[in-house]
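Notes follow once the structure below has been shown.
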Amino acid sequence: MLTLAEKMFIDSHAHIDGVEFDGDRVEVIERARAAGVSTILNIGTGDPAAGVLERAVELAERHADIYVAIGVHPHDARLFNDEAEKRITRLMTQSNRVIAWGEIGLDFHYDNSPRDVQMQVFRRQLQLARELRLPVIIHTREAEAETIEILKSEWGNCGLPGIMHCFSGSQWLAQQAVELGFSVSFSGIITFKKAEELRSVAKQMPLERLLIETDCPYLAPAPFRGKRNEPAFVVEVARCLAGIHEKSLEEMGGITSSNFERIFKL
Ligand SMILES: [Zn+2]
Ligand SMILES: [Zn+2]
């Protein structure tokens, strides 16, 4: 049994298979380990026909401390089809490194895919994840009511866990997520000066539903804001969350790591 301090930190959402890390991926992973990041959940996204999901799975196959989630991001919902469905399902059943379906959801901020297509593809992927008994990673932006409505109808009573990733929504959304049995993962956004409201949402979250993530290469936390983000920086998210909940950094690392391990039965 590890003590809280030894369990350190888990980055519950990173994109380190991407080209942004092609030049120094090994060093990035080493820096994460040196910073006390024991586990990384890497999320494979992009055009499902382009080989990017395979690439994400391969990365996890090569590293004992990296797991992977794959799915079709709401940005790419228009690229989802039977072929994508088969490809993802096959990868999931072939590799025991794939521990979640995601990220899936709705993004009405960028609208990179038509909204009706996003909603349809979100529903379909929730159904598939349920069939495979896999937790889901949810991306939602400016689509709170629609996201909750779809989760209630497709996921509501299935008893499987899920994560609202890179949470930047309202208190209402956080509350709905908790009622649905979901956990809420905070990113570097919570460290930003103007994120007072988000910090107050985080303060009201039950400790057993808290997770931390980088969502790297985006959204580097203070004091690294504006730089390329990387898993080592998840410590700054933990530090901020620890302050909000009046815990030590080590305690918050332990709490969020235990939560992650419970969700994924690691
Ligand atoms: Zn996302
Ligand atoms: Zn992401």
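Normalised by 2.2 N^0.38 Å, where N is the number of residues, the alpha-carbon radius of gyration of the stretch 130-232 equals 1.10. Listed cross-link partners 227/265; 194/247; 152/193 are compared with a 30 Å cut-off, the Cα-Cα value being larger for 227/265; 152/193. What range in the chain is the longest one free of GluC sites (Glu not before Pro) that are in a loop by DSSP and have at most 14 other Cβ atoms within 10 angstrom? Counting at most 14 other Cβ atoms within 10 Å as exposed, the longest clean stretch of the chain is 1-141. Run a plain Debye calculation on the stretch 70-120 (Cα atoms as equal point scatterers, no solvent) and give log10 I(q)/I(0) at q = 0.18, 0.23, 0.26 Å⁻¹, rounded to two decimals, same order as the q list. Taken in order of the listed q values, log10 I(q)/I(0) reads -0.57, -0.82, -0.95. Label-to-label distance for residue 262 and residue 145 is 3.3 nm, based on points extended 7 Å past Cα in the beta-carbon direction.
When shorter helices are ignored and each DSSP H run of at least 4 residues is given -39500 (n - 2.57), the per-residue value for the chain at 222 nm works out to -12500 deg cm²/dmol.
With semi-axes defined as the square roots of five times the eigenvalues of the C-alpha gyration tensor, the equivalent ellipsoid of the chain measures 26, 22, 17 Å, largest first. Between residue 112 and residue 31, the modelled label-to-label distance comes to 2.4 nm, taking each label 7 Å out from Cα in the direction of the beta carbon.
Taking amide hydrogens as placed 1.01 Å from N in the peptide plane, the amide H of residue 103 sits under 5 Å from those of 71, each at least 5 positions away in sequence or on another chain.
Only the coordinates and a few stated rules stand behind these numbers; no lab work does. Here the structure is a predicted model, which means the values were calculated and not measured. As a convention, Cβ positions derive from the backbone with ideal geometry for all residues, glycine included, and neighbour counts pool all protein chains shown.
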